[in-house]
1. Quick one: would you say residue 50 is aromatic (Phe, Trp, Tyr) and more than 22 Å from residue 128 (Cβ to Cβ)?
2. Considering 2, 66, 39, which residue is closer than 15 Å to residue 125 by Cβ and β-branched (Val, Ile, Thr)?
3. Keeping to segment 39-83, report how many residues are touching a helix residue (DSSP H, G or I) at 6+ places or on another chain (Cβ under 8 Å) and closer than 24 Å to residue 6 by Cβ.
4. Would you mention how many residues in segment 12-32 are more than 13 Å from residue 63 (Cα to Cα) and surrounded by 11 or more Cβ atoms within 10 Å (Cβ to Cβ)?
Amino acid sequence: MTEEDFKEKLTPEEYRILRQQGTEAPFTGKYVNEHAEGTYRCRACGAELFSSSVKFDSGTGWPSFTEPVNRANVELREDRNYGMNRVEVRCGNCGSHLGHVFDDGPSPPAGGKGEKRYCINSTCLELEKKP
């Protein structure tokens with residue numbers, strides 16, 4: 001898709017976040033408190049991104065996941081914007097900005113090092129609920 005295609009498909013807010021690396025305010029996204037089972041897809045292109053089975057309440061104000069459905073569907077990039085050193089998460093299919101990933105996820109059931117926290121904007125997601 002071209003940028004014009006994205007502008008036609010997405011709302012101005014979706015375009016700002018997905019295509020211009022924006023963010024939504026914490027605790028405002030529609031999926032922060034969502035508990036339905038299903039698959040979260042990229043709002044821009046429909047690629048499968050995360051399963052509800054790995055979603056958890058991080059208390060940060062954004063939907064959080066421990067791992068993607070398929071690692072090939074997400075791309076990780078260094079992000080040094082705003083004087084911070086973070087890892088940006090992008091859709092591996094269309095390149096849209098999704099959020100960031102951090103090393104402070106929940107501890108695995110067997111203990112040990114914590115899992116990842118994929119902190120994703122609700123605006124970037126579309127939940128395909130299980131029937």
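1. No.
2. After ruling out the rest, the residue left standing is 39.
3. Total satisfying the criteria: 11.
4. Of the residues in segment 12-32, 9 are more than 13 Å from residue 63 (Cα to Cα) and surrounded by 11 or more Cβ atoms within 10 Å (Cβ to Cβ).
No lab work stands behind these numbers, since they all come straight from the coordinates. Values in this document were obtained by computation on a predicted structure and should not be read as measured data. Note that we place each Cβ from the backbone using ideal geometry, even for glycine, and neighbour counts take in every protein chain shown.
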